[in-house]
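What follows is a set of notes on a single structure, which appears directly below.
A short reminder: the numbers here are calculations on the coordinates, not readings from a lab. Not measured: the values here are computed from a predicted model. Don't worry about glycine lacking a Cβ; one is built from the backbone with ideal geometry, like all the others, and counts go over all protein chains shown.
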């Protein structure tokens with residue numbers, strides 16, 4: 001079993017805001033992240049696929065295909081977008097990194113098999129800044 | 001003459017949009033950077049001060065004081081903000097990095113002498129992403 | 001279960017020195033790290049907390065609170081300090097990264113619940129240099 | 001149990017090419033990576049050893065010895081080399097990162113005990129570029 | 001005058017070899033860099049353009065256009081290539097970074113005006129490794 | 001004229017302390033940097049040499065020789081040392097980065113000609129942390 005990873009990036013705006021709360025409570029809980037005029041980040045997304053290498057190619061997964069898949073299915077939908085307003089799969093969700101990474105998993109996990117017969121999605125890591133990041137490994141069945 | 005540099009950062013939203021143009025022309029010129037719902041970045045700002053070291057301290061400038069000055073005068077006004085809507089000194093200006101760095105110069109250049117008798121502002125470098133950045137050295141008198 | 005990480009840093013002096021040994025044996029075992037006049041590093045500390053996101057905030061843990069906790073309980077006690085001489089919780093211990101990371105765990109693990117009802121400490125990573133680092137996941141009960 | 005890691009690097013040429021296939025099929029599958037005149041990378045290799053720290057040194061493993069071992073046994077044999085033509089242990093293997101990391105494991109795993117009585121090899125991470133990397137944790141017995 | 005920079009990358013093989021010398025002299029002068037079976041690197045190229053920002057766009061140069069120009073004219077011709085064998089503009093030249101950066105200048109300098117009426121090429125920086133790089137500012141007329 | 005740079009590093013302890021002042025004044029001016037038990041950093045030193053490439057090698061300077069020169073003359077004397085106590089050329093000087101970089105210049109500038117007939121020392125850059133650095137270009141004659 002070898003683990004293969006690819007890093008992609010996207011630049012997006014968001015705010016942390018719970019619409020069930022008053023503006024004051026949002027500012028109290030989320031601080032400057034609740035700024036109603038938004039702020040933004042350069043996000044980095046690392047996708048890790050695990051599997052046994054294909055003996056004919058030496059690959060668990062073709063990283064050019066994985067890069068293309070991540071762009072088409074995920075980062076093209078997030079890049080130069082507003083996570084709260086422009087992204088179908090984040091609709092009605094708090095735009096936290098925790099919620100975002102779980103939604104990205106739902107999109108990518110079933111698609112890996114379309115580009116690799118040997119690999120399955122193992123982990124996602126999402127950097128919001130160089131000092132803050134989240135990881136997700138899916139849920140046990 | 002020694003050159004001393006300090007890096008600070010801020011996370012902000014912006015869009016590139018010329019209000020004198022139609023929405024179509026803005027999208028044509030600025031592409032996804034003109035997304036009306038904004039996008040954002042983790043910006044890094046490097047401030048370089050030059051001067052002869054003070055023989056009593058060995059310092060051209062005290063970097064703790066320089067860090068505090070940059071935060072109070074510049075990055076606290078940009079961090080978790082919208083460069084087009086929330087920033088007094090960017091009002092009525094296109095929110096490009098070129099315009100932003102020239103405004104930051106105007107703020108910082110006269111303040112360096114308040115924290116160092118030996119240093120003058122030499123250069124600013126502003127990273128919008130790890131792959132895109134601008135530099136400014138002021139204008140000749 | 002989502003894993004949330006925050007990076008903090010501190011700059012410290014130390015030496016590797018076993019007081020039960022002669023100076024010669026220390027130099028023989030630890031090499032230049034045993035220099036009696038000390039040396040130092042820019043340390044980076046990554047703290048990882050795991051948990052289920054709070055549905056009201058989308059957070060496993062508030063990273064501003066986690067950052068503050070790490071600073072108050074750990075890095076303020078290490079920054080611009082001598083790990084052998086100035087740090088209460090390293091007293092009478094060899095100032096190796098292995099020993100330091102296990103002590104940091106003892107401090108942080110019980111405090112995470114004071115700032116998050118959803119998260120528990122999962123991992124620590126401590127960089128001594130960009131090329132040398134240690135990780136600790138606690139001990140099984 | 002503490003996990004201790006050391007990063008080393010090497011610069012090498014390679015191509016991805018299955019000799020059982022036609023030139024056309026190689027170009028079709030591997031794209032520009034199959035360029036018959038080779039291409040190359042700055043590879044980074046991170047070696048992680050786990051164990052209980054030696055109470056006399058505070059070390060799971062002496063990182064200077066680990067660095068020397070990695071250089072002598074692995075990176076000196078890969079640095080400024082052609083992975084397809086010059087490397088004994090890659091002979092007759094597709095020069096993918098997946099195959100390379102599994103061969104490096106075979107070399108290093110039995111040698112760790114020669115320099116540490118407390119540590120065993122836990123993981124390898126091999127960066128081909130800053131955006132593409134593989135990891136290997138050995139095989140269950 | 002503002003200076004605007006864009007970073008691109010390419011992965012290539014090369015060797016340092018003077019065909020006027022014996023194999024022994026090449027190995028003596030260039031060491032492992034003369035390995036006849038090649039070695040390679042992940043190169044980073046930073047292109048800096050200077051000028052006065054266009055008042056209508058706030059741009060010295062459109063970085064998307066600059067990125068495209070660098071790719072089409074330079075990095076697509078170097079990526080996954082052998083600098084000694086595959087690159088027209090390096091023919092009959094020693095494949096050192098110094099020679100490469102001067103050839104890249106000759107290609108890019110006259111093309112900048114095709115994508116910006118305000119900018120001129122100011123500097124190139126070429127990283128062969130994170131620790132070795134060259135810079136070129138053209139020649140005075 | 002091409003500019004060629006090499007990065008080396010060293011890990012050292014120091015404190016900022018003017019012996020002509022009281023302990024209180026030192027703490028007042030230098031803050032935690034005056035801690036009498038020292039602190040330390042991972043320093044990075046970038047040395048830039050400029051010149052016309054040698055037509056026989058394509059080199060302004062052989063970077064392996066430059067690396068060796070920097071280590072022998074500078075970083076071996078600083079690595080795992082105390083800048084205030086262990087370093088001959090910093091004796092009786094305040095251990096600031098400004099003073100250190102000027103002393104390194106005095107050592108390296110006259111030695112470059114011993115390893116290159118084409119290059120002269122152009123610049124030094126010394127990182128104390130990833131966010132604080134100084135540069136020096138020598139003095140006009």
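Here are some notes:
- If you go through the stretch E:1-33 and keep only what is in contact (Cβ under 8 Å) with a residue 24 or more places away in the chain, surrounded by fewer than 19 Cβ atoms within 10 Å (Cβ to Cβ) and within 13 Å of chain D (Cβ to nearest Cβ), you end up with E:7, E:9.
- For residue D:83, the conditions (1) within 18 Å of residue C:134 (Cα to Cα); (2) surrounded by 19 or more Cβ atoms within 10 Å (Cβ to Cβ) all hold with the exception of (1).
- Taking the criterion of being in contact (Cβ under 8 Å) with a residue 60 or more places away in the chain, farther than 16 Å from residue C:10 by Cα and part of a loop (DSSP other than H, G, I, E, B), the residues of the stretch C:85-141 that qualify are C:94, C:116, C:117, C:118.
- For the stretch B:64-74, the criterion of being without any contact (Cβ under 8 Å) to a residue 40 or more places away in the chain, in contact with a helix residue (DSSP H, G or I) (Cβ under 8 Å, 6 or more places away or on another chain) and over 23 Å from residue F:128 (Cα atoms) is satisfied by at least one residue.
- Matching residues, the stretch C:104-141, being within 18 Å of residue D:2 (Cβ to Cβ), surrounded by 17 or more Cβ atoms within 10 Å (Cβ to Cβ) and more than 14 Å from chain D (Cβ to nearest Cβ): C:108, C:121
- Of all the criteria given as (1) touching a residue at least 12 places away in the same chain (Cβ under 8 Å); (2) away from chain D (no Cβ under 14 Å); (3) in contact with a helix residue (DSSP H, G or I) (Cβ under 6 Å, 6 or more places away or on another chain); (4) assigned to a loop (DSSP other than H, G, I, E, B), the one not satisfied by residue E:61 is (3).
- Test: residue in the stretch A:27-42 that is under 15 Å from the mean Cα position of the chain (by Cα) and under 25 Å from residue A:137 (Cβ atoms): yes
- Selected residue [within 24 Å of residue D:99 (Cβ to Cβ) and buried (at least 19 other Cβ atoms within 10 Å of the Cβ)] from A:45, A:66: A:66
- For the stretch B:34-58, a residue qualifies if it is farther than 18 Å from residue B:122 by Cα and within 14 Å of chain A (Cβ to nearest Cβ), and the qualifying residues are B:34, B:35, B:36, B:37, B:38, B:39, B:40, B:41, B:42, B:43.
- Filtered residues of the stretch D:79-96 (kept if more than 8 Å from every other protein chain (Cβ to nearest Cβ) and under 23 Å from residue D:26 (Cβ atoms)): D:83, D:84, D:87, D:89, D:90, D:91, D:92
- Residue match in the stretch E:68-78 (condition: within 19 Å of residue F:59 (Cα to Cα), within 14 Å of chain D (Cβ to nearest Cβ) and touching a strand residue (DSSP E or B) at 6+ places or on another chain (Cβ under 7 Å)): no
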